[in-house]
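Working notes for the structure below.
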Amino acid sequence: MDRPDTTQQYRINIAIDGPAGAGKSSVARLVANQLSYIYVDTGSMYRAVTWYMLKQGIEPEMVDEVLHHTLNMVIELIPGVDGQKVLVDGEDVTYYIRTNQVNGIVSRYAQIEGLRNHMVQLQRQMALRKGVVMDGRDIGTTVLPDAEVKIFMTATVKERALRRFNELSEAEQTTLQQLERDIAQRDSLDEQREISPLRCADDAIVLDTTHMEINQVVDRIVSYCRRSQRDGESV
Ligand code: DC
């Protein structure tokens, strides 16, 4: 049986960044469960915008239109037993934001400065009351630079491609080599964009998970969080 948690008085924020496929979202969700915190998947917000723009036929180059619609859409992240639901203007788009069509183009919308600024504002509001585990690319550097615990999760391209390959359904036919190429391409787009590129914060703890099981990663992060909650300071 889990021991009662006596460290909840001091609430903290936890930032988890890293490249695509490093396992951030599974880990962040489990860490949030263990701490009874709220999990915020910021990638799903960029995906929700992308889904909307594709539906409206608004291309990434049409920056003014992208911004106009982004400022007027309502994105809701709803925690649930089987993961986080994503709603756009009340419509459940959880399934649609993970399709190959969205995967292939989301990085291009995520480069738009005004769109990023708006997302950062929304994400900061979600974390105002603390008790949030937020994952993304720029959380420790830009969104929550004061987060008490910052983790930068990595794994080799080969390992990330293999993990993704093992999760594929029969319908999603591709090769391991193709996945490696896709992941390497997304890494370079995320690392090289001008606004808030993927970068490890100077004060983040780097966790290379290539040879770690998911529960080891979660335990390690939860222990950093407990320490920060106990000490009332950043680790
Ligand atoms: O984590 P993900 O694969 O769901 O992210 C989707 C895209 O959004 C990916 O291209 C990176 C981008 N992203 C970002 O630029 N900043 C974030 N905080 C989260 C995701």
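The values are calculated or read from the model by the stated rules, or taken from the named source; none is laboratory data. Please read all numbers here as calculations on a predicted model, not as lab measurements. Glycine gets a Cβ as well: all are built from the backbone with ideal geometry, and neighbour counts include every protein chain shown. SASA here: full protein model, heavy atoms, side chains in, ligands and nucleic acids out. Shrake-Rupley method; radii C 1.70, N 1.55, O 1.52, S 1.80 Å.
Scanning segment 13-36 for residues that are open to solvent by 20 Å² or more (accessible area, probe 1.4 Å) and touching a Gly at 6+ places or on another chain (Cβ under 9 Å) gives Ser25, Arg29, Ser36. Selection of segment 139-165 for residues being under 15 Å from the mean Cα position of the chain (by Cα) and in a helix (DSSP H, G or I) yields Ile139, Gly140, Thr141, Thr142, Val143.
Scanning segment 127-138 for residues that are open to solvent by 70 Å² or more (accessible area, probe 1.4 Å) and either within 17 Å of Asp203 (Cβ to Cβ) or in a helix (DSSP H, G or I) (or both) yields a total of 0. Residues considered: Val74, Val86. Of these, the only one that is at pLDDT 95 or above and surrounded by 14 or more Cβ atoms within 10 Å (Cβ to Cβ) is Val86.
Across segment 66-83, not a single residue is classified as under 30 Å from Val206 (Cβ atoms) and within 12 Å of the chain's Cα centre (by Cα). Answer with yes or no whether Asn166 is open to solvent by 70 Å² or more (accessible area, probe 1.4 Å), at pLDDT 95 or above and away from the ligand (no atom under 16 Å from the Cβ). In short, no. Looking only at residues of segment 200-214 that are aliphatic (A, V, I, L, M) and not in a strand (DSSP E or B), we find that the one that is most open to solvent (accessible area, probe 1.4 Å) is Ile214. Taken over segment 114-137, the criterion of being of a type in the set (A, V, I, L, M, F, W, C) and near the ligand (Cβ under 10 Å from one of its atoms) is satisfied by Leu115, Met119, Val120, Met134.
Please verify whether segment 125-133 includes one or more residues that are in contact with a strand residue (DSSP E or B) (Cβ under 7 Å, 6 or more places away or on another chain) and on the phi > 0 side of the Ramachandran plot. Within segment 125-133, one or more residues are in contact with a strand residue (DSSP E or B) (Cβ under 7 Å, 6 or more places away or on another chain) and on the phi > 0 side of the Ramachandran plot.
For segment 108-126, the set of residues classified as open to solvent by less than 70 Å² (accessible area, probe 1.4 Å) and in a loop (DSSP other than H, G, I, E, B) consists of Ala110, Ile112, listed by residue number.
Among the conditions (1) open to solvent by 40 Å² or more (accessible area, probe 1.4 Å); (2) in contact (Cβ under 8 Å) with a residue 60 or more places away in the chain; (3) assigned to a helix (DSSP H, G or I); (4) closer than 20 Å to Thr50 by Cβ, Glu172 misses just one, which is (3). Of all residues in segment 116-127, those that are over 14 Å from Asn72 (Cβ atoms) have Cβ atoms under 6 Å from Cβ atoms of residues that are surrounded by fewer than 19 Cβ atoms within 10 Å (Cβ to Cβ), 6 or more apart or on another chain, in Arg116/Ile195. Looking across segment 177-196, just one residue is without any contact (Cβ under 8 Å) to a residue 24 or more places away in the chain and open to solvent by less than 40 Å² (accessible area, probe 1.4 Å), and that is Leu179.
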